[in-house]
Amino acid sequence: METMKQTKLIQIRRQSGLSREAAARSIQISTSAWLSYETGQRIPSLSVAFRISRLLGMAVDELFYYPESHNM
């Protein structure tokens, strides 16, 4: 089951007119890595998260912040 943030990543990629393959190629990662970020199987490194945020025109915390895992 997808979480809200994963769905958001998919929606924003689609709104940008990018396929998974094109998005991954644009930031020099594998398509399987991109898919794992969209499905929540993996969390991107900080470097990759910043590249994704620049590609999609959104802040990193808007794309990858999961409040339920935040311990403040």
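Nothing in this text is a laboratory measurement; each read-out follows from the coordinates by a stated rule. Bear in mind the structure is a predicted one, so any value in this text is a computation, not a measurement. Cβ coordinates were reconstructed from backbone atoms using ideal geometry, including for glycine residues, and neighbour counts include every protein chain displayed.
Per-structure values
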{"quantity": "Percent of alpha-carbon pairs separated by more than 16 Å within the stretch 5-67", "calculated": "33 percent"}
{"quantity": "Karplus 3J(HN,Hα) series, Hz, for the stretch 19-30 with 6.51 cos²θ - 1.76 cosθ + 1.60 (x for Gly, Pro)", "calculated": "7, 4, 4, 5, 4, 4, 4, 4, 10, 6, 10, 6"}
{"quantity": "Computed label-point distance, nm, for sites Ala59 and Gln15 using a 7 Å Cα→Cβ extension", "calculated": "1.6 nm"}
